[in-house]
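Below is one structure, written out as structure tokens, with a few remarks after it.
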Amino acid sequence: FYFWQKDKYLPAALMAFLLPLARPLGILLIVPILAQAIWKRWEGKSIFNSTWSITALFCGACLFGFGAYLLSMYLFTGSVWAGFDAQRSFVSGFSLSNLFHPIDWLMRNFIDTTLVAHDYLHSTIDRIVFAWVLIALVALYKYEDNTLWFYTLAMAVVPAFSGSFMSYSRYVVVLFPICILVARVLKGRIVFLLL
């Protein structure tokens with residue numbers, strides 16, 4: 001995003017390539033890239049400069065990065081889906097198919113569970129962080145660039161809805177637009193910033 005905003009497209013494309021290679025969830029970078037192009041076309045407002053050729057470059061970089069991830073899985077394990085198949089071994093129950101069963105997700109994570117302060121699957125803290133992120137999404141939509149909003153939406157909602165809330169707080173660490181929002185809200189309020 002930094003390189004993109006500075007119109008340094010090759011370093012931005014390199015980062016877009018590396019993100020899904022480092023972690024498959026990085027493929028979600030396509031969401032803000034496409035949304036920004038559509039939004040800019042529709043309203044003409046964005047701090048990120050993009051033409052359709054730049055959009056294609058970034059999307060292609062993301063797809064090639066994801067392809068490199070799948071290729072590495074194939075070369076080291078014999079299956080392109082080994083990384084996804086391994087998710088079945090974890091107690092978190094992470095699966096993209098969970099996105100299509102929101103009622104089951106709601107029941108499993110909020111109704112049919114006994115919450116504790118913090119543990120792997122029943123963490124009240126992780127659920128509070130999720131609620132905080134949803135509130136921040138509303139404020140981000142109002143006060144920040146829509147490209148950053150789409151990034152935050154994709155990176156916050158997909159990990160939450162595709163499994164349990166296991167380690168959800170760590171997914172929030174990459175949601176830098178929330179940090180920008182907090183900095184804007186706390187600007188000039190040193191006491192709250194220190195708190």
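Computed over protein heavy atoms with a 1.4 Å probe, the accessible surface of the stretch 1-106 works out to 62 Å² per residue. The stretch between residue 114 and residue 49, if pulled fully straight at 0.36 nm per residue, gains 18.7 nm over its current Cα-Cα span.
Helices assigned as whole DSSP H runs in the chain whose Cα atoms extend at least 24 Å along their own long axis and whose mean Kyte-Doolittle hydropathy is -0.5 or higher are found at 52-77, 124-143. According to the Kirkwood relation over distinct C-alpha pairs, the hydrodynamic radius of the stretch 65-140 is 15.0 Å.
Among (i) 49, 35, 27; (ii) 54, 48, 30; (iii) 88, 53, 27, which is the computed Cα extents along the principal axes in Å? Matching the structure shown: (ii). Computed from label points 7 Å out along Cα-Cβ, the spacing between residue 132 and residue 38 is 3.1 nm. Counting only aspartates and glutamates at least 8 places from residue 40 when in the same chain, those with an alpha carbon closer than 12 Å to its own are 145. Along its principal axes, the stretch 46-85 has C-alpha extents of 42, 15, 10 angstrom, given from the largest down. Taking the centroid of alpha carbons for each part, the stretch 43-113 and the stretch 162-194 are 22 Å apart. Ranked from largest to smallest solvent-accessible area, with a 1.4 Å probe on the protein heavy atoms, 184, 108, 170 come out as 184, 170, 108.
Evaluated with a Cβ-only charge set (Lys, Arg +1; Asp, Glu -1), the stretch 49-195 carries a dipole of roughly 400 debye about its Cα centre, given to the nearest 20.
One decimal place: the segment residue 64-residue 97 gains 9.6 nm when fully extended, by the rule 0.36 nm per residue minus the C-alpha distance.
The label point for residue 71 and the one for residue 143, both projected 7 Å from the Cα toward the Cβ, are 4.3 nm apart. With N the number of residues in the stretch 79-183, Rg(Cα) / (2.2 N^0.38 Å) evaluates to 1.13. Cα-based radius of gyration for the stretch 1-103, normalised by 2.2 N^0.38 Å, reads 1.26. Taking 7 Å steps out from each Cα toward its Cβ at residue 5 and residue 180 produces label points 0.4 nm apart. Per-atom-type breakdown for the chain gives carbon and sulfur 71% of the accessible area (1.4 Å probe, protein chains only).
The values are calculated or read from the model by the stated rules, or taken from the named source; none is laboratory data. Everything numeric here is computed off the predicted structure, so don't read it as measured data. All Cβ positions, glycine included, derive from the backbone under ideal geometry; neighbour counts span all protein chains shown. Only protein heavy atoms, including side chains, enter the accessible area calculation; ligands, DNA and RNA are left aside. Shrake-Rupley method; radii C 1.70, N 1.55, O 1.52, S 1.80 Å.
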